[in-house]
Every structure is written in C-alpha cells, then in structure tokens.
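Before any comments, here is the structure.
The values are calculated or read from the model by the stated rules, or taken from the named source; none is laboratory data. All values reported here derive from a predicted model rather than from experimental measurement. Using ideal geometry, Cβ is built from the backbone for each residue, glycine included, and neighbour counts are taken over all protein chains shown. Each accessible area value is taken on the protein alone, full model and side chains, heavy atoms only, with ligands, DNA and RNA left out. Shrake-Rupley method; radii C 1.70, N 1.55, O 1.52, S 1.80 Å.
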Amino acid sequence: MNNLNKQRDVYVDVAKGIAMLLVVRIHTEVFGVINVPYPIIAVPFFFFLSGFYDNTYKPVKDWLPNTFKRLFLVGIYWVIISFTYISLLHYLKDHTIPINVSVYQPLIGGRATWFLFALFYAKCGTWLINKTKIPSYIIVPLLILFGGVISRINLPLLLDEGIAAIPFYYAGKVCYPLINKNRKIVSWLSVIGVICILLMQMRWFPWVLVSYTRHPPYMYPVFFLMTFCSFATFIWISKKLENQKWLGNFGKQTMGVLVLHPLLLHTIAVVLNRIFEKGSTPWIIIFLVAYVIVCVLSYYLSLLIMKHCPILLGGKKK
C-alpha cells in the first residue's frame, strides 16, 4: 500500500535534523568526558524515519537501482574516502599507516558508512516481506523477535545490523499514516517516551540494533518497545518545531552530514588531543564549540558536494 505523501512533511525533516544533531553528539568525545550519556536512540530513529517514505511496494526496477546507487555505492565511496583520509591523518601524526586486511576495518573506519549498508539491507528485506502478503500486525512481532536473535550474530558485511534495522524501518512504514491521522496517539506515547529516554540517559537502556551487551535475546522486544515510545517523543517535538526552517533544512542534508561529520570530528580530536590535555577545561570548551562548527560545516559541505559532485551523495547533476 502506498504510504508516500505527494508533498514532503516538514516535521519529518525537522525530526531528521534533531536526530542528526544527536548523532553528531554521539561521536563527539567531549560528552563522554563530561559524563553526559549520549542518546543512542538517534540511529534507530533514522531507520524509523526512513521507513516513512518506503517505496518498495513499487516494481523492483523502480526502486532498487536508485537505492543501490544512493546507499550501497555511496557507502563504498565513503569507505574509500574515509579510510584513505584517516590513514593519511595518522601518517602525518606519527608517520605510521594503520593496515588491517579485515573487511570490517574500512567499514568501521568509514564510521557512518555502516548505516548506509544497513539501510540498504533493511529496504531489501522490507521488499521481501511485502511479497509475503502477511498482515502487519503479525509481521512486526515476528520481525522484533527475529531482530533480537540476528543482532547477536556476527554476520559478514554488516548483515546483522541490516536485519536488526528492519523492525524499525518496517515499523516506520506502518506507523507513518497513523501518525499523520491521529496526533493524540503521538501525544500520549510521547509521555511514555520521556520516561524511556530518562531510563536510557541513566544507562539502563542498551543498544538495540546490535545487542552485544549482557542482556539475553528475549529482552530485545522490551528494548524495542521502549525505543518505539521514545520515537513518539521526538515526533511530538518535531511537530512543535515545524516553523524552524534551519532545522528542517539541516534534516534535508542528513546524508551529507552523516558521512562528513566523522572525518571532521576525527581531525579535531587528533589536533586537540595533541595541544591540550584530554578532559582539561580548555579542551572541553573548544570541543563544545567544535561540535557546533562541525554541524554547520558538514551542512554547507554537503550543499557543495550536491552542487559539484552529487554522485558522492547518490545524486545527479541537474
């Protein structure tokens, strides 16, 4: 069933902007040093939001080539760019180049690229699910249980993350029409979501995409439901901030910000960790300022890439 609006909803872009600010925060060292738990809800939230505009109900030829170009190929480009740049940075720092033949090293070195591969697998998985014609109220519980098992298995090429992301992506696909029709549901769930977010910030909330924690697999459904309620809080907030155009514009450039900010933050960390003692007052202050600069710089660099070399972000010249 087509759940894709003809006109793009502003609150979705705002929500993506909020989530992207939180993702950058995850990778900003200073928040860990000053003991401010980072909201790991941001990455699952992106999978949820991506499901809003799912188009796998169309014939394969209408979505797979473009999806492959925008996600898988873009992931490959930035694996190469990131690994090359970070290796060069290490060489300039201590005249050594980190060499690792493992396929995971370039993927991890690419930082944000794993997300692109996982989203590609999630879309392909959703297409397969659509073919089954099984009702959503049966599929969603099965996906949650399946995701809990698969997320604990180390599969090649990030297949475990991709499969574990399917429940969030598919839930977004199912919930998008409901969210637009009944805002009261979002309001009530957002209250519960605040409680869930507080539990997360108190470190009682494990990572739900890759459950490498001590928690048993059967706890994954509980964590998934808590995460789902947390999504409602962010949706409610984004609907209240629809008039914040800067946040909506930032949300529209999340692809570029996603792949660029790790490189910028890595550079800043290398520089600051050599100049200041890690955790010192000057280090903390400058890193907090750098957090804002990275968000702004990655946004404008994204615009430049889309204008001059759009292939790096899955676009094409007009």
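Here is how the numbers come out for the structure above:
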| item | result |
| --- | --- |
| FRET efficiency estimate (nearest 0.05) - Cβ-Cβ, Y53 to S280, R0 51 angstrom | 0.70 |
| Extension gain (nm, one decimal) between V191 and N273, 0.36 nm per residue minus Cα-Cα | 25.5 nm |
| Förster radius 25 Å - calculated FRET efficiency between I26 and L142, Cβ distance, rounded to 0.05 | 0.25 |
| Accessible carbon and sulfur surface of the stretch 4-83 relative to its total accessible area, %, 1.4 Å | 63 |
| Efficiency of FRET from Cβ geometry, V222 and Q244, R₀ 41 Å, rounded to 0.05 | 0.75 |
